[in-house]
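Taking it in order: structure first as structure tokens, then the write-up.
The values are calculated or read from the model by the stated rules, or taken from the named source; none is laboratory data. From a predicted model like this one, the values you see are computed outputs, not experimental measurements. For neighbour counting, all protein chains shown are included, and Cβ atoms are generated from backbone atoms with ideal geometry for every residue, glycine included. Remember, those area values only see protein heavy atoms, side chains included, never the ligands or the DNA or RNA. Shrake-Rupley method; radii C 1.70, N 1.55, O 1.52, S 1.80 Å.
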There are 4 protein chains.
Amino acid sequence: MSKAEKGVAAVVGVGDGLGAALALRFATDYKVALIARSAGVIEKTASEIRKAGGTALPIRSDATIAKEIAEAHAQIKRELGPIDILIYNGGRRPMGRLMDTTPEVFEETWRLHTFGTFLWAREVVPEMLSRKSGAILITGATAGIRPWPTSAAFAPAKFAVRGLAQVLSRDLHPQGVHVAYVNVDGGIDMPLLRNMRPDAKDEDLIKPSAIADAFWYLAHQDPSAWRHELDVRPFKEKF
Amino acid sequence: MSKAEKGVAAVVGVGDGLGAALALRFATDYKVALIARSAGVIEKTASEIRKAGGTALPIRSDATIAKEIAEAHAQIKRELGPIDILIYNGGRRPMGRLMDTTPEVFEETWRLHTFGTFLWAREVVPEMLSRKSGAILITGATAGIRPWPTSAAFAPAKFAVRGLAQVLSRDLHPQGVHVAYVNVDGGIDMPLLRNMRPDAKDEDLIKPSAIADAFWYLAHQDPSAWRHELDVRPFKEKF
Amino acid sequence: MSKAEKGVAAVVGVGDGLGAALALRFATDYKVALIARSAGVIEKTASEIRKAGGTALPIRSDATIAKEIAEAHAQIKRELGPIDILIYNGGRRPMGRLMDTTPEVFEETWRLHTFGTFLWAREVVPEMLSRKSGAILITGATAGIRPWPTSAAFAPAKFAVRGLAQVLSRDLHPQGVHVAYVNVDGGIDMPLLRNMRPDAKDEDLIKPSAIADAFWYLAHQDPSAWRHELDVRPFKEKF
Amino acid sequence: MSKAEKGVAAVVGVGDGLGAALALRFATDYKVALIARSAGVIEKTASEIRKAGGTALPIRSDATIAKEIAEAHAQIKRELGPIDILIYNGGRRPMGRLMDTTPEVFEETWRLHTFGTFLWAREVVPEMLSRKSGAILITGATAGIRPWPTSAAFAPAKFAVRGLAQVLSRDLHPQGVHVAYVNVDGGIDMPLLRNMRPDAKDEDLIKPSAIADAFWYLAHQDPSAWRHELDVRPFKEKF
């Protein structure tokens with residue numbers, strides 16, 4: 001595929017772990033926009049992509065503010081073209097039981113995961129519908145399906161994202177736009193988690209590149225065989 | 001049970017339909033607090049309860065504002081005693097696809113369903129834990145499990161409530177506090193819906209009293225056989 | 001309710017544990033047929049029911065042989081009347097991983113759980129349909145939803161029963177016949193299990209009478225709010 | 001990959017539709033054994049594979065008879081080598097409600113779907129475990145998750161297969177053997193179905209090659225991100 005013919009993938013929420021892996025994976029065949037609130041990782045990952053011959057556009061933008069999203073979207077269209085694949089990977093994971101979770105944390109977690117997904121979907125869907133194609137892929141978590149007691153803020157936010165993904169897939173699939181929620185059912189092998197669990201073995205964690213493969217597979221499924229939810233989990237982990 | 005020995009049930013979100021039926025059902029054996037933002041229905045239902053010899057306390061209170069919740073709770077404790085059963089039945093059901101749903105409606109729906117449940121749970125759980133008993137029962141909807149495309153705001157909010165209910169049940173069950181989400185999987189036979197669907201037959205709709213029976217059953221399950229989710233649906237409806 | 005007006009409940013699979021508890025629970029309001037392959041427990045439980053003033057008919061019959069089922073059914077109709085509630089509680093629980101499970105055990109387990117449910121359903125459904133009423137309630141297990149690796153024979157059999165229950169509920173509910181699968185998600189407090197787990201505390205096990213309450217609730221749900229699956233689990237058990 | 005290095009895939013149940021597509025898909029990189037009870041399609045598909053430069057071994061064998069399975073397995077090992085990927089695609093789909101389903105059809109359907117999967121798994125698992133690798137992939141159907149009333153025999157059989165797949169994945173994943181159930185949630189575009197539904201549009205049906213892609217993806221997932229169930233469905237179909 002020549003550069004001019006390449007499609008555009010936008011990854012919202014690029015940090016040290018999965019977001020960067022997703023951007024690198026899609027950069028082999030897509031021009032990639034990397035979006036985050038802070039500059040560090042998106043600049044670094046964009047450099048990697050460019051060194052490998054790809055096209056990367058790092059953008060600082062807050063996924064909870066409609067105006068910033070609209071500006072980021074306008075910049076992507078101007079500099080790369082219309083978005084073919086939107087990956088929403090935003091949000092942190094607070095830990096805490098009900099009584100340890102303040103209303104502020106509860107709301108902020110919803111804002112970063114659920115509201116951000118909603119706002120970005122509203123931003124890109126009209127153009128995808130006009131072209132009857134495109135994909136919206138969302139990073140999920142075990143907490144969105146089978147939560148721990150310590151996910152008093154995180155589980156409701158991820159459940160809501162899953163609910164939104166189901167609404168969108170039921171609404172948009174028949175119109176040619178693919179929506180899927182990828183449930184990452186295990187710890188991701190990234191610096192943050194390695195610091196928190198220094199005794200974790202390789203086989204206990206999911207490789208970011210393996211998760212990126214799941215996103216890639218979903219993004220390229222034949223429309224006659226689409227899927228709107230996919231879980232992945234380390235083979236060694238009991239379930 | 002003598003009046004003095006009766007426990008206390010609080011129903012948050014008492015309107016014309018299910019809320020009133022829940023209050024009336026529990027009033028046979030509990031002193032009941034009826035909570036809503038407007039006075040009409042709670043006053044009317046409280047009168048019915050009193051005429052039948054029960055105890056009813058109508059309270060105007062906004063379930064999305066922590067301060068108003070704390071005041072309502074204090075009044076209930078003062079006038080009726082500590083809450084044994086909290087029923088969260090709050091919230092409206094907006095209809096609309098993604099592009100018909102404004103960010104304001106999306107947020108407001110979350111606030112009425114999800115945030116309100118969270119705030120009321122935070123308010124009553126400490127005392128329930130101190131007594132190692134109590135129940136929190138939440139009204140759910142099909143949209144929290146298998147949503148329509150027109151539930152772009154409602155489904156994420158109800159999914160979030162279900163996620164919160166699962167967190168709470170996993171956290172609180174072993175400590176003696178029962179939490180359950182009742183999925184009302186069908187139209188409720190109430191004036192609002194009859195107006196919207198004038199051709200609906202009796203057998204197409206769920207009787208509020210039948211839903212109230214499900215709440216009653218859950219509230220009185222033996223702890224050796226608790227359930228945290230229960231769906232009910234009209235027998236005539238295909239699924 | 002006078003004796004003459006009482007309905008008929010038939011419990012297939014009456015042993016020392018849940019089956020006896022189900023028979024005793026329904027005997028307060030129904031004439032009860034108790035069915036098992038061996039005489040001991042059905043005779044003993046029938047005596048208990050009679051001493052308490054109830055009506056009990058113990059029948060030895062193999063639930064995997066259509067002819068014996070037809071004979072048992074004919075005897076029940078003759079001596080008690082048509083069956084209003086059929087409870088299928090048959091079958092043993094073999095333990096074993098794939099390579100520890102012989103084809104004979106695999107088949108026998110299917111026969112006792114799945115085939116027996118199918119045969120008994122075929123036997124009682126025509127009459128229930130002709131009266132547009134009746135209930136078929138089936139004892140399920142965790143293995144039918146979230147199996148252990150050691151359930152190589154038991155899980156497929158219980159999954160199959162759950163599938164059959166879903167087929168029947170989707171087929172028969174609109175015709176007025178209620179079908180439900182009760183997932184007993186935990187160890188039942190009965191002599192056999194107490195022997196196997198001598199250190200089990202009361203709070204780790206489900207009381208048979210509490211499971212019987214779940215069956216009772218389902219058998220008497222208002223048709224406007226039916227449910228086809230219900231799980232119950234000890235409050236202390238983490239999930 | 002040179003021919004000598006190629007792995008071995010065995011497809012059990014090769015008819016006109018999905019089985020042939022699976023064999024052709026895997027033949028690009030694997031030596032393929034094609035197994036069915038009758039000769040027609042396996043010979044024809046084997047010819048196609050050979051013409052394209054691949055290796056194909058057609059074997060007539062009944063998947064419900066342990067002895068025939070053992071013989072087929074021995075022949076595959078002798079002529080191609082040990083099986084790396086076993087695909088179980090056996091079985092027909094009878095239609096019928098409870099009262100239209102004879103005990104013979106109920107048992108035969110279980111035998112073709114469930115018992116056959118069990119027997120083939122028992123045959124190949126010991127060697128896969130000894131090499132700590134391999135995959136068992138099973139064709140599922142909507143009836144195994146959300147059955148129609150007319151699936152009185154088919155749904156219990158497919159539920160049972162799904163239960164068995166879950167047992168095997170929970171047992172074997174930590175030992176390095178991958179097991180997955182692929183839920184084909186829609187009509188497959190093949191001659192039989194086209195005859196039954198002459199008015200079906202292309203977009204209503206799933207392309208066999210698209211389902212084969214799902215099997216391929218699962219067979220090659222990185223072990224750090226395995227999945228044991230995957231549904232695929234035509235994008236145009238409402239759900």
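Condition check: more than 16 Å from the chain's Cα centre (by Cα), at the interface with another protein chain (Cβ under 7 Å from one of its Cβ atoms), assigned to a loop (DSSP other than H, G, I, E, B) and surrounded by 19 or more Cβ atoms within 10 Å (Cβ to Cβ). Does residue C:94 satisfy that?
No: the conditions fail for residue C:94.
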Here are some conditions: (1) aliphatic (A, V, I, L, M); (2) more than 30 Å from residue C:65 (Cα to Cα); (3) not in a helix (DSSP H, G or I). Residue D:63 meets all but one. Which one does it not meet? (2)
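Here's the yes/no breakdown for (1) touching a helix residue (DSSP H, G or I) at 6+ places or on another chain (Cβ under 7 Å); (2) small (Gly, Ala, Ser); (3) modelled with pLDDT of 95 or more:
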{"position": "C:89", "(1), (2), (3)": "yes, no, yes"}
{"position": "C:99", "(1), (2), (3)": "yes, no, yes"}
{"position": "C:118", "(1), (2), (3)": "yes, no, yes"}
{"position": "C:121", "(1), (2), (3)": "yes, yes, yes"}
{"position": "C:147", "(1), (2), (3)": "yes, no, yes"}
{"position": "C:161", "(1), (2), (3)": "yes, no, yes"}
{"position": "C:165", "(1), (2), (3)": "no, yes, yes"}
Hey, residue D:63 within 14 Å of chain C (Cβ to nearest Cβ), among the aliphatic types (A, V, I, L, M), free of Cβ contacts under 8 Å to residues at least 60 places away in the same chain and touching an Asp or Glu at 6+ places or on another chain (Cβ under 8 Å) or not: no
Somewhere in the stretch A:67-90, is a residue among the hydroxyl-bearing types (Ser, Thr, Tyr), surrounded by 13 or more Cβ atoms within 10 Å (Cβ to Cβ) and under 23 Å from residue A:25 (Cα atoms)? yes
Being among the hydroxyl-bearing types (Ser, Thr, Tyr), open to solvent by 30 Å² or more (accessible area, probe 1.4 Å) and either assigned to a loop (DSSP other than H, G, I, E, B) or touching a residue at least 12 places away in the same chain (Cβ under 8 Å) (or both) is the requirement here; does residue B:28 meet it? yes
(1) at the interface with another protein chain (Cβ under 8 Å from one of its Cβ atoms); (2) open to solvent by less than 40 Å² (accessible area, probe 1.4 Å); (3) acidic (Asp, Glu) all hold for residue D:203 apart from (2)
Could you tell me how many of the residues in the stretch B:97-118 are open to solvent by 10 Å² or more (accessible area, probe 1.4 Å) and not in a helix (DSSP H, G or I)? 2
Looking only at the stretch B:123-143, which residues are within 7 Å of another protein chain (Cβ to nearest Cβ) and either open to solvent by less than 10 Å² (accessible area, probe 1.4 Å) or within 27 Å of residue B:107 (Cα to Cα) (or both)? B:125
Taking the criterion of being more than 9 Å from chain A (Cβ to nearest Cβ), touching a residue at least 12 places away in the same chain (Cβ under 8 Å) and not small (Gly, Ala, Ser), would at least one residue in the stretch B:98-105 satisfy it? yes
What residue, of D:169, D:151, is within 11 Å of chain C (Cβ to nearest Cβ), over 14 Å from the mean Cα position of the chain (by Cα), buried (at least 22 other Cβ atoms within 10 Å of the Cβ) and within 25 Å of residue D:224 (Cα to Cα)? D:169
Would it be correct to say that residue A:16 is within 17 Å of residue A:220 (Cβ to Cβ), among the acidic types (Asp, Glu) and out of contact with any Cys (no Cβ under 9 Å at 6 or more places or on another chain)? no
Evaluate the stretch B:175-197: report whether one residue or more is of a type outside the set (A, V, I, L, M, F, W, C), open to solvent by 10 Å² or more (accessible area, probe 1.4 Å) and within 14 Å of chain A (Cβ to nearest Cβ). yes
Does residue A:164 count as within 7 Å of another protein chain (Cβ to nearest Cβ) and under 19 Å from residue A:92 (Cβ atoms)? yes
Before we move on, is residue D:12 touching a residue at least 40 places away in the same chain (Cβ under 8 Å) and at negative phi? yes
Among the aliphatic types (A, V, I, L, M), over 21 Å from residue A:152 (Cβ atoms) and assigned to a helix (DSSP H, G or I): does that describe residue B:121? no
Is at least one residue of the stretch A:70-91 without any contact (Cβ under 8 Å) to a residue 12 or more places away in the chain and within 13 Å of chain B (Cβ to nearest Cβ)? no
Which one of the conditions (1) open to solvent by 10 Å² or more (accessible area, probe 1.4 Å); (2) closer than 30 Å to residue D:205 by Cβ does residue A:218 fail to meet, given that it meets all the rest? (1)
Evaluation of residue D:91 against (1) touching a strand residue (DSSP E or B) at 6+ places or on another chain (Cβ under 9 Å); (2) more than 24 Å from residue D:70 (Cβ to Cβ) (one fails), failing number: (2)
May I ask you to list pairs of residues, at least six apart or on different chains, whose Cβ atoms are under 9 Å apart, with the first in the stretch B:34-55 being exposed (fewer than 14 other Cβ atoms within 10 Å of the Cβ) and the second being assigned to a helix (DSSP H, G or I) and of a type in the set (A, V, I, L, M)? B:52/B:24
Under 14 Å from the mean Cα position of the chain (by Cα), away from chain A (no Cβ under 14 Å) and among the polar types (S, T, N, Q), is that true of residue B:209? yes
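Return yes or no: is residue D:232 closer than 24 Å to residue D:28 by Cβ and within 14 Å of chain C (Cβ to nearest Cβ)?
no
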Unmet requirement for residue A:101, which otherwise passes all of (1) within 30 Å of residue C:145 (Cβ to Cβ); (2) under 16 Å from the mean Cα position of the chain (by Cα): (2)
